[in-house]
Structures are given as structure tokens and as C-alpha cells.
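The structure under discussion appears below in the form of C-alpha cells.
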Amino acid sequence: MSCFSLTQAKNSCHRSTFARAGLRSAITDLKDGATTMHCWVPQSPNPSKPNLLLIHGLGLNAMWQFADLLRHVTPHYNVYVPDLVFFGDSYTTQPDRSDSFQAECVMQAMEAHSVRRLSLVGLSYGGFVAYSLAAKYKEAVERVVICCAAVCLEEKDLREGAFRISDLDEAAGILTPQTPQKLRELVRYTFFRPPPVWLLPSCLLMDFIQAMFTEFVQEKKDLIRAVPQNRKLSELPKIPQPTFLIWGEHDQVFPVEFAHKLKRHVGENAQLVVIKDAGHALNAEKPKEYHKHIKSFLVDSLPRSPPITPSAKPVTH
């Protein structure tokens, strides 16, 4: 008999949230004989609405990362929330671990659901995938939100000490925690004001680890190691879409100077908001500001429906 899992109970709550938002779970075979993609998709897509793709980062699954954002965007968009490869029910036997490969898999899944044009939000590692999507599929991607993802980093930045943790193996160990001690370290690393996880019993932390971090551990570490490989700013394409960058002022994973560097690289199409008193996990630490800024960039740009005028009343004699 299995023990009650608080984390799995929360997972069930998030699944209900997604269902109430009009989304359903869907598995897509990419027909390459190697890759399947899971995605939350609209139960009944509205052809009069634009499409929005939400791309998660490492760590918590997509439901945990976007459950709160859904209510802000589902009234205005057909929303799609994929699991990246090696997360949730998405998997491949292909050896490629690049964010470019992830982008290709996501776009193939979107095409399978007849999505031809979309805007997107990429959070942390998902920001690398989002940028790659915007660069590869310029005609398909309309607007881009990058959240705390140092897309402009270069391989040499690791050697030159630009990051608090420059050893990729050490970073991978923290970002895929397998012990309560490593999970506590992850929280301290990603929050400006960490919640007091050190007060929680180790059994609760292990429950969380077993639900979130025990599948495809090696593959996820390979994804992390692949991010900076052969990466040069001079080879990073400039994306043409209107782009919104949102960052935590005290991000220790990707320091805020990389936000300014990315804004300069993208150029006049980009705007940047830095949220004060927030670290890398700004979506959890400052959710109201995070949601307000994303909603402002995405929703306020949509064409407004003309006001509905009441029909004329019949003339009575």
C-alpha cells in the first residue's frame, strides 16, 4: 500500500485547474520513430482567438509553473502547454540534447494540432527553447516573452566566472536535486528570499523529490550541460518579433546583466522589466508583478473588439 503524497495531491489540483481552464491532455507521436510529445491543448480551440504557447523551465513540471498564469491568458488565447522532451510524458530516443532540438519537437507538436501562428512565453530553460523557436520559425511566431533565460550567454562566460556556479556538473546536481539537502540548496539558489524549507521534515522534501526529480535525471543533466556548448553571441540570430524580457533583480542562476546584454542584442524590438526583490524563481516569488507584466505585453497588444451596440427598439405608436 503506497503512502499519501502531498506533492501528488497538489499535482491533482493542478490537473483540475488545467481542465477547468478548458485544456485537455494530448500525446503526439512525431513520426520520427523516436519522439513523443505531451501537451495540454484547448478542448475546443476558438478560431477567433490567437494562440499562446507556454514553455516551462527545469525543475517543477509545467502544471506547477503555469497554473497561476492560465487564468490571466486563457480568456484571450488558445493556450498550449507542452512538456519538453524528458519532462512529464515527453520522451525521445534521439541523442540530441540541444534547445534547438527541443524547439523543433515543440513546433512539430504544434503543427500536429494545426497551430500555424502563435505567441510564446519561455521560462528559464524554456526561454532558450522559446528564443530558438522564434529564430527558426519567424513567420509562425508573433510575440515573444523570455523570463530569466540568459540566451546570450557564451561558453567563455563559464570560464571567466560570470556565474555564481560555473561548474556545470555542480549546477546540474543542484538543478536536479536527489536529496533533501540538495533541494534546500536549490531553493536558496533560485529565491531572493527563500521560503523556510529547512524547517520542513526531510520526508516531505523526499516526497517532493520523488514526484518531481527522479525521472530522466541523467538526460536532464545532459540538457543543462548542452546549453553553453559552442555558444557564441556573434552566432546568435537576432529575432524580429516584439520581445519582452522579464528578470529578477537578484537572479543568481542567470545574473541580471545577461538581461541587459540580451536586450542590446535583440535591439529596438525588445523591452526589459527587472523585478525588484526577486531571484530566478520570480514567477513564484513575485507572482502578481510577473503576471501583470506578461498580461500587459500579451493581452494589451491584441486588437480590441468593437463595442456591442444595443439593437434599436421597435417604434411603438
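The values are calculated or read from the model by the stated rules, or taken from the named source; none is laboratory data. Just so it is clear, the model here is predicted, and its values are computed rather than measured. Using ideal geometry, Cβ is built from the backbone for each residue, glycine included, and neighbour counts are taken over all protein chains shown.
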(message) One residue is enough: does segment 123-146 have a residue meeting the conditions under 12 Å from Asn51 (Cβ atoms), out of contact with any helix residue (DSSP H, G or I) (no Cβ under 8 Å at 6 or more places or on another chain) and of a type in the set (Lys, Arg)?
(response) no
(message) With the requirement that a residue be under 21 Å from Val151 (Cα atoms), surrounded by fewer than 19 Cβ atoms within 10 Å (Cβ to Cβ) and not basic (Lys, Arg), what does segment 215-227 give you?
(response) Glu219, Asp222
(request) Identify the residue in segment 277-303 that is surrounded by fewer than 16 Cβ atoms within 10 Å (Cβ to Cβ) and not in a helix (DSSP H, G or I) and, among all such residues, is modelled with the highest pLDDT. (result) Asp277
(request) Give the residues of segment 48-73 that are more than 16 Å from Arg304 (Cα to Cα), in a loop (DSSP other than H, G, I, E, B) and touching a strand residue (DSSP E or B) at 6+ places or on another chain (Cβ under 9 Å), sorted by residue number. (result) His56, Gly57
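Kindly evaluate Arg193 against the criterion of being in contact (Cβ under 8 Å) with a residue 60 or more places away in the chain, in a loop (DSSP other than H, G, I, E, B) and not aliphatic (A, V, I, L, M).
Judged against the criteria, Arg193 is a match.
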(message) Just the residues that are under 24 Å from Arg231 (Cβ atoms) and either acidic (Asp, Glu) or touching a Phe, Trp or Tyr at 6+ places or on another chain (Cβ under 8 Å) (or both), please, taken from segment 85-101.
(response) Val85, Phe86, Phe87, Thr92, Gln94, Asp96, Asp99
(message) Just to check your reading of the model, which residue among Val151, Val187 is in a loop (DSSP other than H, G, I, E, B) and surrounded by 17 or more Cβ atoms within 10 Å (Cβ to Cβ)?
(response) Val151
(request) Being part of a strand (DSSP E or B) and of a type in the set (Val, Ile, Thr) is the filter here, so list the residues in segment 87-132 that pass it. (result) Thr92, Val121
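Results for (1) under 24 Å from Leu118 (Cα atoms); (2) in a helix (DSSP H, G or I); (3) β-branched (Val, Ile, Thr), shown as yes or no for each residue.
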| site | (1), (2), (3) |
| --- | --- |
| Gln229 | no, no, no |
| Pro237 | yes, no, no |
| His250 | no, no, no |
| Phe258 | no, yes, no |
| Arg264 | no, yes, no |
(request) Please enumerate the residues belonging to segment 166-184 that are buried (at least 17 other Cβ atoms within 10 Å of the Cβ) and not in a helix (DSSP H, G or I). (result) Thr176, Pro177
(request) Name, by its number, the condition in (1) more than 24 Å from Leu183 (Cα to Cα); (2) buried (at least 16 other Cβ atoms within 10 Å of the Cβ); (3) not hydroxyl-bearing (Ser, Thr, Tyr) that does not hold for Phe86. (result) (1)
